[in-house]
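This report refers to the structure that appears directly beneath it.
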């Protein structure tokens, strides 16, 4: 992604850390997850130069032709900590209206 700088390697390191932590903590029945949302309109993000254009480009490239919102990310987090997700661990869960499959 244009002007993403160090975020690519940092995210890769995060995902690797999640896998290692899940393997280490699994015997204690501790689950580990990473949530990878698409771009979210937040106060902090709005300070990024050209962020509105980035949002529009991302939206136009998603299979669902939309962006996700913070409530949807929260719903995913709530699911992952619930008993309904007790067989999931060590994953990076993408919540980006399919953007990651197009990239």
Q | Rounded tilt (10° steps) of 51-61 against the dominant C-alpha axis of the chain | A | 70 degrees
Q) Nearest 10 degrees, 0 to 90: what angle lies between the long axis of helix 70-81 and the longest principal axis of the chain (Cα atoms)? A) 10 degrees
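Against the globular-protein guess of 2.2 N^0.38 Å, express the Cα radius of gyration of the chain as a ratio, rounded to two decimals. Can you show the working numbers first?
Details: Rg = 15.2 Å, N = 103, 2.2 N^0.38 = 12.8 Å.
Its radius of gyration relative to the 2.2 N^0.38 Å reference: 1.19.
Counting alpha carbon pairs within less than 8 Å and at least 6 residues apart, what relative contact order, in whole percent, applies to the chain?
Numbers: 111 pairs, mean separation 39.3, N = 103.
Once divided by the residue count of the chain, the mean separation gives 38 percent.
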Q | segment 1-43 - Rg (one decimal) and Dmax (whole number), Cα, Å | A | 13.6, 41
Q. Angle between the Cα long axis of helix 7-25 and the longest principal axis of the chain, 0 to 90 degrees, nearest 10?
A. 10 degrees
Q: Kindly provide the helix-only [θ] at 222 nm of the chain, computed as the sum of -39,500 (n - 2.57) over DSSP H runs of four or more divided by all residues, to the nearest 500 deg cm²/dmol?
A: -13500 deg cm²/dmol
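Laboratory data are not the source of any read-out in this text; all were calculated from the coordinates shown. Just so it is clear, the model here is predicted, and its values are computed rather than measured.
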